[in-house]
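Below you'll find the structure, written out as structure tokens, and then a few comments.
The values are calculated or read from the model by the stated rules, or taken from the named source; none is laboratory data. Just so it is clear, the structure is predicted and the values come from calculations on it, not from any experiment. Cβ sites come from the backbone with ideal geometry, for glycine too, and all protein chains shown count toward neighbours. All accessible areas refer to the heavy atoms of the entire protein, side chains included, with ligands and DNA or RNA removed. Shrake-Rupley method; radii C 1.70, N 1.55, O 1.52, S 1.80 Å.
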Amino acid sequence: HNLTQFRLVTAPTQWKPPSLKIPPSTTSKVKRVTVMDLILERRRRQQEQKQALITANKNDNNIDLEETSSIKIHPEDQLFYPKNYHRWRFAFTTATAATTNTEKWTSFYSLSEKERRIVDWQMAPRIN
């Protein structure tokens, strides 16, 4: 059974945790930050960032016919994922890119918001 009656008894410890004594001069200056304060601060910063994006993209909401015609779809993606354009890669050709003949393929989820709107608008089902 390998059970023994051996007991190990150690000496009582003399260590005591240090006390958190804050000098009275600093207690009036220290502001306690609660978890709720941190959450509210993060929400306020996120709201400011959203507002900054909205104001920066105010003039960016218009979609031109040139932008919709500049979309190129990767041919392999069309073959492997038919009718599922959310999995396709796209290249937006500009005047300079058309002359150099280099295309940068970007997946749908890596596109900017405006480029996603352009692709959605281009690939949406047609209503007659």
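Here's a check for you: in the range 105-124, which residue that is touching a residue at least 40 places away in the same chain (Cβ under 8 Å) and of a type in the set (Lys, Arg) is least open to solvent (accessible area, probe 1.4 Å)?
Lys114
Would you confirm whether any residue within the range 88-98 is of a type outside the set (Gly, Ala, Ser), surrounded by fewer than 15 Cβ atoms within 10 Å (Cβ to Cβ) and modelled with pLDDT of 85 or more?
no
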